[in-house]
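Working notes for the structure below.
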Amino acid sequence: MRAIIERLENREADEAPLTARLHAERARGSVRLSMGTTGLKTLREEGSLKIRLPSGSSQAILINTAGGIAGGDRYRIDIEASGESRLAIASQAAERVYRTLGPSAEITVSHRVRDRARLIWLPQETILFDKSGLSRRLEVDLDRESFFLGMESTVLGRRESGERIREIAFRENWSVRREGRLLHSERLKIDGMLPRGIAELGNAGAFATLLLVSPHAEALVEDCRALLGSRSGVSAWDGRLVIRLLEEDGFRLRKRLLALFPLLLPPAEIPRVWLI
Amino acid sequence: MTTATTIEQDQLLLLLTFLSPAFPTGAFAYSHGLEQAIASGAVSDSESLTGWLSALLIRGSAWNDAVLLRAVGREELASLNSLALSLSASRERHLETTALGGSFAASAAVFGDLALPEGETAYPIAVGAAASAAGISCEALIPAYLHAFAASLVSVAVRLVPLGQTSGLSVLARLMPVISEVTQRALGSTLDDLGSATFLSDIAAMRHEFQEPRIFRT
């Protein structure tokens, strides 16, 4: 068995490691967490998703024990923050999505923020390998005075390791409601060859979208703009701020994000896993 | 690819009216971020203009508009309009679709009641509602809409790059098969097919906000 494990682990980098392959096409995981005035109200974990919430802390760490994501995997994350609570969630590590011949993996994230609570959703990068498939859905439900900062960042292979990716099936759908009304949607779709045109990805190897919904969102545009590279943009309207980042690789993307976080959040709310 | 599209003569006249550059929507004032792409050098000739516009048609905002047009009459109009508005990629994109939508609705009311939802209207929803009220089919409406979209942006580039009129027309000629292909896909689409990958076009629309000097509103 050990020999098999070693052989499998020495395979090409875009093949899933043994732990993920043994559960090929089947991994399931879900987390439900709710925070209120007096702290943690509910915490439920199933399958390969775990969440760690150090006592007294407002920072939660999401852990996927499946060792990466393969086609057909399904994950669900439900977070609720109410009663003026504050919660910042990040993943423990970058998530890898491996090559699949079958269906895409599905990740559904649902956030509900009420009563002037603050919810910060800053998972670390998702690394897509060649021929990987991922469909990610983010549903956010806010009331008038709550604060939400959400981000998804995606790296197309790891360029520094010489990996080249050409083809993926990737969908990213966001639906953000404020007081029941649809405020903001994102519909990102890449199906097949990476779109490398001048209006598309160009030669970028990493991208991210950040969304801030807060009564003060629009005041931050100028400061954000000063921190962006030549292929990124920021815009604010109707109580939200959107930042779209394109960078050459994951390293440069991370550097930009780390520069932006202190502008958008007080130091105590920046997830520590990003700073290590 | 050629598809026979039949249309009643009175509907054809209305469609030509709605999507004519002379229809008073003020479309000539919007570049959809193209002014920024020209200023940054990304679009500098007919080749790059064709690439820029093809992407918008195949997997960008124009594709999403085509999917929304297809959904008018099949989905509840107020929620379809909210969805259309929420898809705006930036402040100026929101301005563009609501300003065009508002002017279009006001002008089209001359030809009949559109029964639009209260408040701001996204441009493709206003156009789709007017076409639907006149009984104009999506087979006729979608290629006409995409053509008007492309022709309007070609004329932006003719003025700003600048390009000769003939070069501008040759870009439009090259986009015609793209428009036909996108129309075919849009006719078989549902709202699940919404989706774009025109990152740099969306970013150009954002960067246009602080471009100086600028002639266009977007």
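Counting only protein heavy atoms, what percent of the accessible surface of chain B is carbon or sulfur at a 1.4 Å probe? Intermediate results must be reported in sequence, preceding the final value.
Numbers: 4960 of 8930 Å².
After summing per-atom areas, the C and S share lands at 56 percent.
Name the residues of segment A:190-218, by number, that are at least 50 Å² less accessible with every protein chain in place than in the isolated chain; the surface is that of heavy atoms, probe 1.4 Å, without ligands or nucleic acids.
At a threshold of 50 Å² (probe 1.4 Å), the residues of segment A:190-218 that become less exposed are A:Ile198, A:Ala199, A:Glu200.
Specify the longest stretch of chain A that does not include any exposed loop site, a site being one of the trypsin sites (Lys or Arg not before Pro) with a non-H, G, I, E, B DSSP assignment and at most 16 other Cβ atoms within 10 Å. Can you show the working numbers first?
On the way: sites that count: A:Arg11, A:Arg26, A:Arg116, A:Lys131, A:Arg144, A:Arg164, A:Arg166, A:Arg196.
No qualifying site falls inside A:27-115, the longest such stretch.
I'm a student and want to see the number: the projected area of the Cα convex hull of chain B, averaged over all directions, in nm².
Working: hull surface 44.5 nm².
Orientation-averaged projected area of the Cα hull: 11.1 nm².
Roll a 1.4 Å probe over the protein chains and send me the accessible area per residue for segment A:28-275 in Å².
Values: 9880 Å² over 248 residues.
That works out to 40 Å² for each residue.
Let me spell out the model: positive unit charges on the Cβ of Lys and Arg, negative unit charges on the Cβ of Asp and Glu, origin at the Cα centre of segment B:82-159. What dipole size does that give, in debye rounded to 20?
Working: 3 positive and 6 negative charges, 54 e Å.
Computed about the Cα centre, the dipole is about 260 debye.
Taking the 0 to 90 degree range and rounding to the nearest ten, how far is the long axis of helix B:123-133 tilted relative to the main principal axis of chain B, both from C-alpha atoms?
The angle comes out at about 30 degrees.
Of all DSSP beta bridges located in the protein assembly as shown, what percent are antiparallel, nearest 5?
Values: 46 of 102 bridges.
Of the beta bridges lying entirely in the protein assembly as shown, close to 45 percent run antiparallel.
When you have a sec, figure out the Kirkwood radius of the protein assembly as shown from all distinct Cα pair distances and drop it here in Å to one decimal? Display every interim value, and only then the final one.
Details: mean 1/r = 0.0420 Å⁻¹.
When all Cα pairs of the protein assembly as shown are included, the Kirkwood radius is 23.8 Å.
Ignoring any ligand, DNA or RNA, what whole percent of the accessible area of chain A comes from carbon and sulfur when the probe is 1.4 angstrom? Walk me through the numbers before you get to the answer.
Working: 5830 of 12210 Å².
Roughly 48 percent, rounded to a whole number.
I need the calculated FRET efficiency for the pair B:Asp45 and A:Leu275, taking r as the beta carbon distance and R₀ as 30 Å, to the nearest 0.05. Spell out each step's value before the answer.
Values: r = 46 Å, r/R0 = 1.52.
After rounding, the FRET efficiency stands at 0.05.
What's the extension gain from B:Asp192 to B:Glu118 if we count 0.36 nm per residue and subtract their Cα-Cα distance?
Values: separation 74, 0.36 × 74 = 26.64 nm, distance 2.53 nm.
Stretched fully, the B:Asp192-B:Glu118 segment lengthens by 24.1 nm.
Where does each of A:Glu125, A:Glu84 land when they are ordered by accessible area, with a 1.4 Å probe and the largest first? Please list the in-between numbers first.
Details: A:Glu125 15, A:Glu84 115 Å².
The ordering from most to least exposed comes out as A:Glu84, A:Glu125.
Along the charge dipole of the protein assembly as shown, which of B:Val72, B:Thr17, A:Ala206 sits closest to the positive end, that is, farthest toward it, with unit charges on the beta carbon of Lys, Arg, Asp and Glu (+1, +1, -1, -1)?
Value: A:Ala206.
Roughly how many debye, to the nearest 20, is the charge dipole of the protein assembly as shown about its Cα centre, given +1 on each Lys and Arg Cβ, -1 on each Asp and Glu Cβ, and no other charges? Write out the running numbers ahead of the final one.
On the way: 55 positive and 58 negative charges, 287 e Å.
Dipole of the protein assembly as shown, to the nearest 20 debye: 1380 debye.
Specify whether the C-alpha gyration tensor of chain A places it in the rounded, prolate or oblate class, a ≥ b ≥ c being the square roots of the eigenvalues: rounded for a/c under 1.5, otherwise prolate if a/b is larger than b/c and oblate if not.
Oblate is the answer for chain A, as a/c is 1.5 or above yet b/c matches or exceeds a/b.
Using Cα positions and a limit of under 16 Å, work out the aspartates and glutamates in reach of A:Lys41, with same-chain residues fewer than 8 apart set aside.
Candidates past the 8-residue exclusion: A:Asp78, A:Glu80, A:Glu84, A:Asp115.
Between A:Arg52 and A:Asp223, what FRET efficiency follows from the Cβ-Cβ distance if R0 is 30 Å, with the result rounded to 0.05? If you can, show how the numbers build up before the last one.
On the way: r = 32 Å, r/R0 = 1.08.
Step by step, r from the Cβ atoms, then E = 0.40.
Using the Cα centre as the reference, give the magnitude of the dipole from point charges on the C-beta atoms of chain A (Lys, Arg: +1; Asp, Glu: -1; all else neutral), rounded to the nearest 20 debye.
Working: 44 positive and 38 negative charges, 64 e Å.
Dipole of chain A, to the nearest 20 debye: 300 debye.
By DSSP, what percent of the beta bridges with both residues in segment A:28-275 are antiparallel, rounded to the nearest 5? Don't jump to the answer; show the numbers that get you there.
Details: 46 of 100 bridges.
Antiparallel bridges: around 45 percent, rounded to the nearest 5.
Run through segment A:187-276 and list the GluC sites (Glu not before Pro) located in a DSSP loop whose Cβ has at most 13 other Cβ atoms within 10 Å. Don't skip to the end; give the middle numbers.
Details: sites: A:Glu200, A:Glu218, A:Glu222, A:Glu247, A:Glu248, A:Glu269; in loops: A:Glu200, A:Glu248.
Hits after loop and neighbour filter: nothing returned.
Assuming R0 = 25 Å, can you tell me the calculated FRET efficiency for the pair B:Ser79 and B:Leu12, based on Cβ-Cβ distance, to the nearest 0.05? Walk me through the numbers before you get to the answer.
Working: r = 31 Å, r/R0 = 1.22.
Using R0 = 25 Å, I get an efficiency of 0.25.
Using only protein heavy atoms and a 1.4 angstrom probe, determine the accessible area buried between A and B, summed over both sides, in Å² to the nearest 100. Show your work: numbers first, answer last.
Working: alone 13530 and 10220 Å², together 21140 Å².
Counting protein atoms only, the buried area is about 2600 Å².
The values are calculated or read from the model by the stated rules, or taken from the named source; none is laboratory data. Note that this is a predicted model, so its numbers are computed, not measured. All Cβ positions, glycine included, derive from the backbone under ideal geometry; neighbour counts span all protein chains shown. Just so you know, the surface numbers come from the protein's heavy atoms only, side chains and all, with ligands and any DNA or RNA stripped out. Shrake-Rupley method; radii C 1.70, N 1.55, O 1.52, S 1.80 Å.
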